[in-house]
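J.: Sharing a structure here in structure tokens format.
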Amino acid sequence: MYYDPENPVWSHEPSLGWKPWSEQVRAESLAARDHAVLIDQSMYGKILVQGPDAARALNRVCGAEMDVPTGTSGLYPIPEHARRYRGRCHGNASFAERIHGHNRASSQTRDKAWIRRFADPQWRFEIFDATSGHGLLSIHGPRSRQIMTAISGDDLSNEAFPFGAAREIDMAYARAGQFAGHFWANLALNC
């Protein structure tokens, strides 16, 4: 929830009032609002769906069109039936015939089974649980693009890298998939 090197003890008492750690949370919130914060979200489940029929398989279960141009990303609901929302998938069409999905922590096995359940057995695609092979870092705040541009050397301005864009970038000696402007971050890195 917060970082406090001086006092690493967490109070478990429920309360709506000011807590001993509220000042640290306030400082982090102001940093996100005024500057930038980096958050490790690697605990989110990550699936990779690839093959000629990957988008077709995902279209069968997602509430939005998954066959989008390479270099785009978005949030796609996964409804279970008319009255129940199963979850969501953050899809990232980084390459032709390959879609990265980010879902809730610990739901990747269930989501893989759900996709397979509704896919035609003749379709050519495969699903991998990529959670342990990829990290997910998000940078929030008005200075996030400036910081990432300095690290990568790529132009990540709003004009060059608009909301919903996705591409790979080089950062020092590493390559990372990056997508722009979703509900939790200005920029997110799929490392």
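Read the figures in this text as sums done on the coordinates, not as results from a lab. What you see is a predicted model, and the numbers here were worked out from it, not measured in a lab. In this analysis, Cβ positions are derived from the backbone assuming ideal geometry, glycine residues included, and neighbour counts consider all displayed protein chains.
J.: Near residue 158, within a Cβ-to-Cβ distance under 15 Å, what is the net charge of the other residues, with Lys and Arg +1 and Asp and Glu -1?
T.: On the way: positive: 143, 145, 167; negative: 154, 155, 159.
The answer is 0.
J.: 7 Å from Cα along Cα→Cβ at both residue 117 and residue 35: what's the point-to-point distance in nm?
T.: 4.7
J.: Follow-up. Hey, got a sec? Which trypsin sites (Lys or Arg not before Pro) in region 108-183 land in a DSSP loop and have at most 16 other Cβ atoms within 10 Å?
T.: Within region 108-183, the qualifying trypsin sites (Lys or Arg not before Pro) (loop, at most 16 other Cβ atoms within 10 Å) are 124, 143.
J.: If you project the alpha carbons of region 136-180 onto their three principal axes, what span does each projection cover, largest first, in Å?
T.: Ordered largest first, region 136-180 gives principal extents of 25, 20, 18 Å.
J.: Here is a follow-up. Compute the length gained on full extension between residue 27 and residue 70: take 0.36 nm times their separation in residues and subtract their Cα-Cα distance, giving the result in nm to one decimal. Mind dumping the intermediate values first?
T.: Details: separation 43, 0.36 × 43 = 15.48 nm, distance 3.83 nm.
Extra length available between residue 27 and residue 70 comes to 11.7 nm.
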